[in-house]
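Student: Handing you this structure, nothing more for now.
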């Protein structure tokens, strides 16, 4: 029964993540925190590997489509996010070793995520009144890729909402273009995180009992989401994006509250 629950959580989140470019991890991570069946490190690994499965599937289906952003810049963005993914995992390990208990880690991660989501939510609401910067220098793609990779790996979320908003703001991408570029950064960052975990001792200390079910769901979610994503308009994509953000905000607030209570107990 629990396996079925995790399967459907991963399926719904990655399906929505593939459509919006949010990756799915931004919902999977706080939902697993809320369920409380696993420690923070295991939740991060489950979320990252599931999102990686989704992003690989979505990328494979959408890679051949003609795009405004050059392949070179997308690769620079992706490779830079991989470097950021390594740094993010390193920072996460420092935090978990320094934290007194699991509740502290959850409060830190959910608080940062909540702050970012609130900022992105208001940006998306008023984006038509905010003039994009139209940055074209490759250096900016490197810096942005590093930042997105760090946050993606550190928070264990895939990074989708932040990716889409920053890509639209800094590089003047349309939302459909930004969703694909976001999938690219998510894919590279999560590959880097998984490799880093493997190289630094492997997955022996992680509880990955639900991983097979979640990975299958991630592949299905990415496959179905990429099909649906091609058929819907940019306006519907934006609405779905905002709905997901509201859901994440509510879950983060609940997680912060429950973890705070656990910390005081």
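Student: If N is the number of residues in segment 128-265, what value comes out of its Cα radius of gyration divided by 2.2 N^0.38 Å? Can you show the working numbers first?
Tutor: On the way: Rg = 17.4 Å, N = 138, 2.2 N^0.38 = 14.3 Å.
The value comes to 1.22.
Student: Can you compute the helix-only [θ] at 222 nm over the chain? Use -39500 (n - 2.57) per DSSP H run of at least 4 residues, normalise by all residues, nearest 500 deg cm²/dmol.
Tutor: -28000 deg cm²/dmol, from helical runs alone.
Student: At a Förster radius of 25 Å, what calculated FRET efficiency corresponds to the Cβ-Cβ distance of residue 111 and residue 139, to the nearest 0.05? Provide the component values of the computation, followed by the final result.
Tutor: Numbers: r = 31 Å, r/R0 = 1.24.
My answer for the efficiency is 0.20.
Student: On to the next question. For the Cα atoms of the chain, what angle does the longest principal axis make with the long axis of helix 160-171, in degrees from 0 to 90, nearest 10?
Tutor: 30 degrees
Student: Here's another thing I want to ask about it. Which value, in nm² and rounded to one decimal, describes the direction-averaged projected area of the C-alpha convex hull of the chain? Write down the numbers at each step before the final one.
Tutor: Details: hull surface 52.6 nm².
That works out to 13.2 nm², a quarter of the Cα hull's surface.
Student: When ranked by the protection proxy of mean other Cβ atoms within 10 Å per residue, highest first, what sequence do the peptides 232-239, 29-36, 165-172, 247-254 form? Mind dumping the intermediate values first?
Tutor: Working: 232-239: 13.8, 29-36: 22.4, 165-172: 20.9, 247-254: 18.2.
Top to bottom by mean Cβ count within 10 Å: 29-36, 165-172, 247-254, 232-239.
Student: Quote the convex hull volume per residue of segment 205-261, based on C-alpha atoms, as a whole number of Å³. List each step's numbers first, then the result.
Tutor: Numbers: hull volume 6.0 nm³, N = 57.
Roughly 105 Å³ of hull volume per residue.
Student: Same structure again: Give me the three principal axis extents of segment 1-153 from the C-alpha atoms, as integers in angstrom, largest value leading.
Tutor: Computed over the Cα atoms, the extents are 44, 34, 31 Å.
Student: Sticking with this one: What residue among 56, 143, 133 shows peak mean-square fluctuation when the chain is described by a Gaussian network model with Cα springs under 10 Å?
Tutor: Maximum fluctuation in the GNM of the chain, among the listed residues, is at 133.
Student: Please arrange 174, 128, 93 by how many other C-beta atoms lie within 10 Å of their C-beta, fewest to most.
Tutor: Working: 174 12, 128 7, 93 16.
In increasing order of surrounding Cβ atoms, one gets 128, 174, 93.
Student: Using only Cα atoms, tell me the angle between helix 138-155 and the longest principal axis of the chain; keep it within 0 to 90° and round to the nearest 10.
Tutor: 30 degrees
Student: Which of 187, 1 has the fewest other C-beta atoms within 10 Å, and how do the rest follow up to the most?
Tutor: On the way: 187 25, 1 4.
Taking fewest neighbouring Cβ atoms as first place, the list is 1, 187.
Student: With a 10 Å Cβ neighbour count serving as the proxy for reagent exposure, in which order, fewest first, do 123, 213, 6 appear? Intermediate results must be reported in sequence, preceding the final value.
Tutor: Details: 123 16, 213 20, 6 24.
Taking fewest neighbouring Cβ atoms as first place, the list is 123, 213, 6.
Every number in this text was worked out from the coordinates using simple rules, so none of it is lab data. Because the structure is a prediction, the values reported are computed rather than measured. Glycine gets a Cβ as well: all are built from the backbone with ideal geometry, and neighbour counts include every protein chain shown.
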